[in-house]
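Structure, as C-alpha cells:
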Amino acid sequence: MGVLDIVSAGVITGDSVKKLFDYAQEHKFAIPAINCTSSSTVNAALEAARDQKTPLIIQFSNGGAAFYAGKGIDNKNQQASILGSIAGAYHVRAVAKHYGVPVVLHSDHCARELLPWLDGMLAADEAYFKEHGEPLFSSHMIDLSADPKEENIRITKEYFERCAPMKLWLEMEIGITGGEEDGVNNESADKDMLYTPSEDVYEVYQ
C-alpha cells in the first residue's frame, strides 16, 4: 500500500496530516521540509518530491515569506511576510496536486515579535475555512522559546485554541533552538540546553 492509498495528492490538512505522519512512522521514513522563498523554489521542491516519490513539507519562514511578496513591499507590521505566506500558500494549493505528491503546507518559527505574522496567516486560515471547510495552511509553528516557559505555554495554548476548531496543526518550540532563526540567536548556548527535559514536555502535555 502506497502513501497515495492513505492520503490524496496536493495540500492535506487535519486528519489527513495525522494519517501521513502515522504512515511515515510505520514505514520508517522522514518527510523532507523545504523552506521556500519564491514560486520557483516551490516548484523545484515539488518536482524533486515527484521524482523521488515522496511526500513533502513546504514551509515559509518569516524572512522567506517577505521575500516571496517582493522586496518592494514594506514589512511594517509584518505586512510583507503575511502577504508572501498567503501568496505562497495559494500557489502551492494551485499546483501541488498536479505533481502527484501529498504536501503539508507549513509556516516556520514564529517568535514573539513576529506574532502579527501568525495572526495574519490565521485570519487567512479562518476565511478559507469558512468557504472551504479546511484551513489554508496545514500547520503553523509558534516559537516562544526565548520567553519564560510559563509564558511560552500560556500564549501557545491561546493560539492552539484558535487553531483547534479548524483542525489546524500547531507546532510548539519547547526549550531553545540552536543557531540563529529569524533574529533569535542561540549560537553561544550551552549544548546541554539544546535538549528539552522530559519534565517540560509533560508540563506542556498537561
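The values are calculated or read from the model by the stated rules, or taken from the named source; none is laboratory data. Predicted model, so just to flag it, every value in this text is computed and none were measured. Methodologically, a virtual Cβ is constructed for each residue, glycine included, from the backbone with ideal geometry; neighbour enumeration extends over all protein chains shown. The accessibility values were calculated without ligands, DNA or RNA, using every heavy atom of the protein model including side chains. Shrake-Rupley method; radii C 1.70, N 1.55, O 1.52, S 1.80 Å.
In table form, for the structure just shown:
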read-out: Positive minus negative residues near residue 93 (Lys, Arg vs Asp, Glu; Cβ under 15 Å); value: -2
read-out: In order through the range 138-148: 3J(HN,Hα) via Karplus (6.51 cos²θ - 1.76 cosθ + 1.60), integer Hz, x for Gly, Pro; value: 7, 6, 9, 10, 10, 10, 9, 5, 7, 9, x
read-out: Whole-Hz couplings from phi, Karplus 6.51/-1.76/1.60, listed for the range 61-68; x for Gly and Pro; value: 7, 4, x, x, 5, 4, 5, 4
read-out: Among [x] 43, 38, 34; [y] 45, 44, 34; [z] 70, 46, 28, the entry that matches Cα extents along the principal axes in Å as calculated here; value: [y]
read-out: Over 32 Å (Cα to Cα) - which of 76/149; 28/130; 76/130; 18/71; 19/76 fall in this group; value: 28/130; 18/71; 19/76
read-out: Probe 1.4 Å, accessible area per residue of the range 41-189, Å²; value: 46
read-out: Qualifying trypsin sites (Lys or Arg not before Pro) in the range 20-66, DSSP loop, other Cβ atoms within 10 Å at most 12; value: 28, 53
read-out: Choice from 44, 33, 124 showing the highest fluctuation, given a GNM over the chain with Cα pairs closer than 10 Å; value: 44
read-out: Surface share of carbon and sulfur [accessible, 1.4 angstrom probe, percent] for the chain; value: 53
